[in-house]
Each structure stands twice: as C-alpha cells, then as structure tokens.
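Encoded as structure tokens, the structure appears first; notes follow it.
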Amino acid sequence: MRTENASLKVGSMKSSSNVLRRGALPGVAAAVAVVFAAYAIPGAMKVSAQQDPAAARQRRGAPAAGGSQNATGGAAVGPGEGAQAVAADPEHGQAPAGPAARGGLVAYPDRPKAPAAVIERGKATYSVNCAFCHGSDAGGGSVGPNLLRSEVVLQDKNGELIMPIVHGARVEKGMPKIDINDGQVSDIAAWLHSLKVSSRSLVAEKINIVVGNSNEGKAAFDRTCGSCHSVTGDLKGFAAKYTDPRAMQQAWIMPGGAGGRGFGPASGPAVTLNVPPVTATVTQANGQKVTGKLDAIDEFYVAVTTDGGDTHRWTRNNGLPKVEIHDPLAAHRELLRKYNDKDIHDITAYLVSLK
C-alpha cells in the first residue's frame, strides 16, 4: 500500500507538471508562481545577508569594517563612503529626527521663587561676604568668577550645592571659607536665583561705583590699611594701573587675581598683582620642619610643595603633625568681615585719586 501510494503521488506530480507545461491550467500556474515568489523572496534575502556580513551589520546599526559608530548610535559608513551611502540608502543614512544635544548645564527647572524678604536678606549678606570677590552684581570680579553662569549655581535649588563651597570645600582652590550659617547661604542662593541674565551680559554695563567720600576714605585707609601699605610706597600710582574703578576696587579688597575679570573689554587689560602664595610649615614627629607652598589641608591630610619642586604629603591625626600656615592675605580676609559698604565706597573713592 505504501509503495502504491508513493507511486500514485509521484505520478500525480508528474501529470500536473505536464499539464502546466502544456498550458492547460494557466490559472493554477499563476497561483503556484505567486506562492513560490512569496516563499522564495525571504529565502533570497536571507542568503544575501549571509553572503554580505557588512551589509547585515549596517542594517542592524553596527559599524561596517573600517567605519565607526556615530553619536546617535546609528551605523556609520566606512572610509570614503559617506555621500554614496546616504544617497544609496537615504532611510538608513539619515540621522533620526529629534532635538539636538545641548551643551553645558541648564538651570534647575522646578525652583520656586523665594519671598521678597528672603531675597533682600540674601542680597545684603552677599554684599558683605561675597561681593568683594564675585562683584556687586555677581557677574565676576578680579578674583572670583561669574556666579550668574556658574554650573553649581545653575543646578542649585535652595543652596544645598553652594553650602559646601561656602563652608570650605574649595579652600585649596582659592575659595576661602566664609563664616556664615546655612540659613544665610540659602538666602544668598535665593538672591542669586532671582537674578535674570539677559542676552546682553550684565557685567558689560558701565556702572559708576565711585560714589564715596575720598576724605573719609583716606581716614579709613589709614585706619585699616596703613599699617601694611603706603600710598607713597607699594600703592604709589595704584589707580593708574586700572581703566575701570570696579576692577581696581576688587583688586584692593582681595588682591592676587587678574584685574577686571568678569567686567569685559571695557575694564581694560588685566592687571596681575604679585602676591606670594599661601605657605605652610609642617613640623614632623622627629622635629624636622618642612616649609613649602600649601597645596591642600584639612583635619586628615596636608600637602606642601617646596621651592625645589618636591611635594610632601602627610596624614594627620589629632592635629599632628603640627601645621603653621603663612597667609599673606590673612589681614585682607579678616578685614572682609569688618568692612561695611561705606568703608568700601570711601576707600575706593580715595584710591581712585592715586594716579
């Protein structure tokens, strides 16, 4: 039975084939052709992909041999194939639509506006503790950078990112520790966040700061600065170095930076004052002392670099080894907490006259 059935099947297939060749069943031939095409094309595509691994990789989004992965994650063409690849395959050669990547950082998106009283407190606290380095408008000074475009300030919400820096996290980078509490830092943050930066830089505006009394400024200078400085000695012709009084004011309050930073071209050429670096003397357990430029210090670690260029590092435990810091600007830092606005305006008015 199985042999006979096989014979019948073979015979039927041969008979059908003969009928198709003779054209007796054109409708059936067309149907068979359609079925064959439907199943044959995918097979052909698979064979083609197997024969051309590079093409398969490009269809999957992987780079071809000799090519590279582009920034969008799509396939990149090999050397010398750019225009031809895009022209031959516009669908896969074109970058996907979507917003372009934005460089830099953006401001915190959900920051609520602080009450007016908080903003005013922050402005007052900033003026006393920060303006001498970062400028009265936070646009940058001779020492401190522009806070309006600071990545830390832009990402901060309520002062949580600013607090560590104010409390001494960047002392080794030149940012002094400011003796204010967390609430005051939050107030300063609220004021900074309330400032609007237009397309025209705020720091490019010409602001007249010479509004003090020069006679009272001389008296204030003699009282607070005269023990270390002299207008006929180290400060002779001091004002002549600056074309912008704002840069000069920042320089006398906290010297050591590039004059005019943050004020734009109107402030004139940068003026560098030769201020010695902060140094430290470390007394080791054997009594030997090492003195050098202070690189870093906290309660657990200290590092100095000697004049010969050698760097020495120590771990600290209970204040040992003993460290003595020599800060040439210590008096300036101390006076920062004592100056009021009138002192600053008056001394500036006096120093402007020293051409």
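What follows draws every value from the coordinates through simple rules; no lab data is involved. Being a predicted model, the structure only gives us computed values, none of them experimental. We place every Cβ from the backbone using ideal geometry, glycine too, and count neighbours over all the protein chains shown.
Annotations for the structure displayed:
- 3J(HN,Hα) from dihedral phi, the range 296-303, Karplus parametrisation 6.51/-1.76/1.60, rounded to Hz, x for glycine, proline: 6, 7, 8, 6, 10, 7, 8, 9
- Electrostatic dipole magnitude of the range 116-204 [Cβ: Lys, Arg +1; Asp, Glu -1; Cα centre; debye, to 20]: 260
- Cβ crowding within 10 Å ranks His312, His332, His134 as His312, His332, His134, fewest other Cβ atoms first.
- Projected label points at Thr306 and Arg111, each 7 Å from Cα along the beta carbon direction, are separated by 4.7 nanometres.
- The slack in the chain from Lys157 to Val290, taken as 0.36 nm per residue of separation less the alpha-carbon distance, amounts to 43.6 nm.
- When Leu273, Leu320 are arranged by Cβ crowding within 10 Å, least crowded first, meaning fewest neighbours, the order is Leu320, Leu273.
- By the Kirkwood approach, averaging reciprocal distances over each pair of separate Cα atoms, the range 116-204 gets a hydrodynamic radius of 13.0 Å.
- Tensor-based shape of the range 279-327 (alpha-carbon gyration tensor, a/c under 1.5 rounded, otherwise prolate or oblate): prolate
- Val185, Val211, Val171 arranged by Cβ crowding within 10 Å, fewest neighbours leading: Val211, Val171, Val185
- Added length on full extension, which subtracts the Cα-Cα distance from 0.36 nm per residue, Leu320 to Ser214: 33.3 nm
- Pairs of Cα atoms nearer than 8 Å and 6+ residues apart set the relative contact order; for the range 279-327 it is 38 percent.
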